[in-house]
Amino acid sequence: MSSDPTAPAWQKSACILCECNCGIEVQVEDRHLVKIRGDKTHPGSAGYTCEKPLRLDRYQNGTERLTSPLRRRPDGTFEEIDWDTAITEIAGRLRQVRDEHGGDKIFFYGGGGQGNHLGGSYGQSLQAAVGARYRSNALAQEKTGEMFVDGRLYGGHSKGDFEHAEVVVFVGKNPWQSHSFPRARPVLKEMAADPDRCMVVIDPRRSETAAMADIHLQVRPGTDAWCLAALGAVLVQEDLVDHGFIADHTSGAAPVLAAYTEVDVADYAARCGVPEELIRETARRIGSAQSVCTYEDLGIQQAPHSTLSSYLNKMLWILTGSFAKKGGMFLHSTFAAIAGGGGGGGARTTPVTGARIISGLVPCNSIAEEIDTSHPDRFRAMWIDSVNPAHSLADSAAFRRAMAALELSVVVDIHLTETARLADYVLPASSQFEKWECTFFNVDFPNNVFHLRAPTMDPLPGTLPEPEIYARLIRELDAIDEATLAPLREAAEAGLTAYAEAFFAAVGADPRVMGLAGHVLYETLGPTLGTARGAAAVWGLSQLCVMAQPEAVARAGFTGTGFEAGNRLFEKTLQGEGVVFTRDAYDDAWNYVRRPDRRFTLEIPDLIERMRALADEPSSWTTEEFPFVLSAGERRAFTANTIIRDPSWRRRDAHGALRINPGDAASYGVTTGDALRVVTERGSAEAVVEVTDTLQPGHVSLPNGLGVEHADGTPGVAPNELTSLHHRDWLAGTPWHKYVPARLERV
Ligand SMILES: Nc1nc2c(c(=O)[nH]1)N[C@H]1C(S)=C(S)[C@@H](COP(=O)(O)OP(=O)(O)OC[C@H]3O[C@@H](n4cnc5c(=O)[nH]c(N)nc54)[C@H](O)[C@@H]3O)O[C@H]1N2
Ligand SMILES: Nc1nc2c(c(=O)[nH]1)N[C@H]1C(S)=C(S)[C@@H](COP(=O)(O)OP(=O)(O)OC[C@H]3O[C@@H](n4cnc5c(=O)[nH]c(N)nc54)[C@H](O)[C@@H]3O)O[C@H]1N2
Ligand code: SF4
Ligand SMILES: [Mo]
């Protein structure tokens with residue numbers, strides 16, 4: 001412990017590099033995060049961090065920051081303009097698109113990354129102000145298939161109690177590197193060390209997690225649907241099903257069980273390349289466990305049959321009744337929704353191609369097709385905040401063409417990204433350590449945690465926090481009249497109790513207020529919050545959080561009549577520390593099942609039909625021309641999407657190597673450090689090779705987040721120069737980033 005009285009104070013914040021958002025403490029000197037440590041008092045991470053945040057300063061200081069709004073000149077270069085000009089011109093052009101083509105032609109993409117969702121609350125107000133109807137974000141290239149299944153089965157988001165489960169199944173998930181649940185590495189180590197517990201990993205690659213597992217089902221890439229169907233079939237055919245659970249808690253089980261009865265386990269095992277006996281042994285272990293949880297991620301969500309695989313994955317814990325108990329799966333409370341809800345329901349489709357919209361999100365692979373067309377209903381303008389779609393969406397070239405076809409594009413970012421370089425206007429945001437911030441990745445149970453972070457330093461001159469950017473635009477658009485705002489401002493002066501009465505009365509009187517809620521809160525409650533003005537939206541979210549789950553919030557200590565509990569929760573979050581906002585007992589997971597009878601609805605006819613069709617479908621999509629499977633976008637020790645652009649941040653794997661099996665490497669006469677060319681139907685790129693027997697023959701992988709432009713060079717391959725739009729899930733439209741048919745060439 002340093003007791004140096006001249007050292008800067010430790011300030012509480014959170015890591016922004018993955019959705020865990022581990023609590024950290026930082027010391028700031030001269031705008032730099034000079035010291036960083038895990039925050040032991042954080043209720044979620046309890047002092048844990050991985051190696052990635054230790055040089056987090058490079059996020060905001062490793063790359064030249066944007067410090068002025070930019071406007072594209074006709075010749076494609078940018079000129080700096082002042083904020084007033086930027087706001088007036090952008091508002092004018094948004095109005096023009098709305099008046100000529102309709103507000104629904106203004107498409108919103110992003111609104112938050114791994115650490116910053118607060119700005120998105122105000123971005124929603126801008127959507128309402130211009131009458132937008134279509135939006136999306138990265139979830140629509142990973143989670144929408146799972147959201148569809150979750151929505152149909154029980155209407156909530158499921159997660160597992162990995163810390164206590166007897167059997168854990170990771171399906172296309174490498175938590176050693178990618179985390180995604182609190183204190184992932186210690187939890188994995190405990191599991192691996194305990195002979196009474198069993199870790200199963202389904203992954204074509206011997207990932208770091210697979211290497212510590214008790215059972216590694218090393219499937220052939222893209223064949224998980226067969227593997228998962230076979231596991232479920234053994235449960236059904238060997239009668240390892242929890243019939244009591246099925247009878248008491250589900251409906252529509254019969255057609256599902258019937259479909260499993262038909263599965264030829266030996267044939268499916270052969271298709272996925274896993275010995276039949278190992279599949280049977282695994283299913284028996286799952287079937288005999290007191291508790292099972294599963295975690296599926298990109299290995300199936302960005303691969304063939306992803307939505308079907310999600311369904312079959314969830315059946316493993318449903319058939320064994322591993323829900324709402326210690327070590328099992330659960331549904332949880334939410335502080336605020338990160339997507340539009342109603343995952344399984346709704347029949348909305350996109351205006352041009354008729355793609356299915358899930359949880360309110362346009363499938364990412366459809367975006368370019370909804371813009372770059374002569375169809376009269378095409379999107380004409382795109383608002384892009386906290387994302388880098390020119391790098392992260394499949395087929396970067398197609399996205400670049402789409403951006404060029406837009407009448408207006410605006411990017412809000414802290415850096416001049418690949419996407420920003422293509423925009424008509426670029427607006428410089430303050431970094432996540434320069435403003436109030438939070439995320440809505442609050443998915444824990446039985447105690448769920450929300451963390452509103454205070455700024456650790458002033459905004460970089462020239463930048464603005466998103467709440468202020470959106471407020472200025474919405475004012476310019478004249479979206480709400482002073483007569484509505486003035487009484488709310490007055491009520492806010494009288495305190496939160498008076499404000500709550502006045503706010504909800506205003507919502508009742510004028511439904512537009514709800515659509516513009518973030519903005520209205522910023523304009524009326526905001527001024528009473530001083531430097532925390534950007535946190536005004538959290539007051540509204542706190543109130544909704546209490547209304548949605550009053551008992552669980554009360555158990556967390558936020559009680560009172562009327563709006564009191566919500567006001568207390570809000571005041572607590574303003575302290576800038578992680579807050580347990582709901583407390584549940586395991587059994588309370590049933591409260592989050594959104595069904596009148598609190599039962600799971602097991603039958604999803606489309607998916608059962610596709611499950612049956614597996615029997616006769618091909619289980620390989622490579623060709624003679626493209627015989628390899630490229631996994632484009634693996635999570636490694638030093639990758640974090642494109643959040644840190646400075647290549648010196650990376651302690652290992654500086655070039656973002658192409659991993660390849662020794663036999664394949666030998667056949668091309670290359671060894672570690674040599675180069676190979678990867679060619680796909682969309683593009684080609686040269687990559688430095690890393691020979692490793694963790695990959696099976698015919699399977700190569702590249703990391704995600706590389707190939708970003710930086711003054712010190714652009715190491716690695718931008719993966720989406722190699723991916724195609726048409727490789728996508730038949731139901732959710734999610735891309736096959738993990739299954740890109742490719743060939744290799746000597747260079
Ligand atoms: N270090 C680091 N951590 C991160 C991120 C990061 O950029 N870097 N990003 C965060 C984000 S946004 C996300 S969404 C998560 C993603 O987290 P993960 O999904 O765990 O990440 P990936 O490494 O992309 O993919 C997981 C595994 O899928 C395997 N896989 C490839 N093809 C197949 C297949 O056909 N079947 C199966 N079963 N497995 C397959 C890969 O070998 C890999 O081990 O990570 C988060 N955490
Ligand atoms: N081929 C392939 N493609 C993939 C994947 C893959 O595995 N393979 N993974 C996919 C997945 S799972 C994901 S989640 C996406 C991630 O890709 P994106 O959704 O595009 O997100 P990021 O790369 O994290 O980009 C975040 C952006 O936010 C900016 N930023 C940081 N802080 C702030 C801030 O405070 N305010 C604002 N306005 N901006 C800020 C950063 O500078 C950066 O440009 O990529 C997807 N694309
Ligand atoms: S697990 Fe994620 S949030 Fe936690 S320290 Fe590592 S990168 Fe940051
Ligand atoms: Mo992601």
- Message: Need pairs with beta-carbon distance below 9 Å; first residue closer than 9 Å to GLY360 by Cβ and within the range 130-143, second near ligand 2 (Cβ under 10 Å from one of its atoms) and not acidic (Asp, Glu); sequence gap 6+ or separate chains.
- Response: ARG135/TYR109; ARG135/GLY110; ARG135/GLY111; ARG135/GLY123; SER136/TYR109; SER136/GLY110; SER136/CYS364
- Any residue in the range 414-430 that's farther than 17 Å from THR88 by Cβ: show its pairings with residues that are more than 16 Å from ligand 1 (Cβ to nearest atom) and of a type in the set (Asp, Glu) at Cβ separation under 6 Å, as long as the two are six or more apart or on different chains. ALA420/ASP413; ALA429/GLU466
- Would you tally the residues in the range 598-628 being closer than 30 Å to VAL678 by Cα and in a loop (DSSP other than H, G, I, E, B)? 11
- Task: Note down all Cβ pairs under 9 Å where the first residue falls in the range 362-391 and is assigned by TED's automatic domain parsing to the domain that holds ILE106 and more than 28 Å from GLY115 (Cβ to Cβ), the second is crowded, with 24+ Cβ neighbours inside 10 Å and among the β-branched types (Val, Ile, Thr), and they're at least six residues apart or on different chains.
- Result: GLU370/VAL362; ARG378/ILE371; ARG380/ILE106; ARG380/ILE371
- Query: So, of the residues in the range 270-290 that are among the small types (Gly, Ala, Ser) and surrounded by fewer than 23 Cβ atoms within 10 Å (Cβ to Cβ), which turns out to be farthest from HIS157 (Cα to Cα)?
  - Reply: ALA270
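The rows are residues; the columns are (1) assigned to a helix (DSSP H, G or I); (2) within 16 Å of ligand 4 (Cβ to nearest atom); (3) farther than 22 Å from HIS710 by Cβ.
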residue: GLY47; (1), (2), (3): no, no, yes
residue: CYS50; (1), (2), (3): no, no, yes
residue: THR63; (1), (2), (3): no, no, no
residue: ASP75; (1), (2), (3): no, no, yes
residue: THR88; (1), (2), (3): yes, no, yes
residue: GLY92; (1), (2), (3): yes, no, yes
- Task: May I ask you to verify whether ALA654 is assigned to a strand (DSSP E or B), within 23 Å of GLU721 (Cα to Cα) and either among the small types (Gly, Ala, Ser) or modelled with pLDDT under 95 (or both)?
- Result: no
- For the range 176-208, how many residues meet the condition of being touching a residue at least 60 places away in the same chain (Cβ under 8 Å) and over 21 Å from ASP39 (Cα atoms)? 8
- Task: Can you give me the number of residues within the range 634-660 that are out of contact with any strand residue (DSSP E or B) (no Cβ under 7 Å at 6 or more places or on another chain), of a type outside the set (Lys, Arg) and within 16 Å of ligand 4 (Cβ to nearest atom)?
- Result: 5
- Only one of (1) over 30 Å from PHE323 (Cα atoms); (2) more than 16 Å from ligand 4 (Cβ to nearest atom); (3) outside any strand (DSSP E or B) is not met by VAL411, so which one is it? (3)
- Given the residues VAL629, VAL688, which is the only one that is under 19 Å from ALA303 (Cα atoms) and touching a strand residue (DSSP E or B) at 6+ places or on another chain (Cβ under 9 Å)? VAL629
- Task: Filter the range 144-174 down to residues that are of a type in the set (Lys, Arg) and more than 16 Å from ligand 2 (Cβ to nearest atom) and give me whichever is nearest to ILE279 (Cα to Cα).
- Result: LYS159
- Going through (1) touching a strand residue (DSSP E or B) at 6+ places or on another chain (Cβ under 7 Å); (2) in a helix (DSSP H, G or I); (3) polar (S, T, N, Q) one by one, THR307 fails only at (1)
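Can you say whether GLY119 is in contact (Cβ under 8 Å) with a residue 40 or more places away in the chain, touching a helix residue (DSSP H, G or I) at 6+ places or on another chain (Cβ under 6 Å) and within 16 Å of ligand 3 (Cβ to nearest atom), as far as the supplied structure shows?
On the way: in contact (Cβ under 8 Å) with a residue 40 or more places away in the chain: yes; touching a helix residue (DSSP H, G or I) at 6+ places or on another chain (Cβ under 6 Å): yes; within 16 Å of ligand 3 (Cβ to nearest atom): no.
Here the answer is no, as GLY119 does not meet what is asked.
The values are calculated or read from the model by the stated rules, or taken from the named source; none is laboratory data. Because the structure is a prediction, the values reported are computed rather than measured. Please note: Cβ atoms are built from the backbone with ideal geometry, for glycine as well, and neighbour counts cover all protein chains shown.
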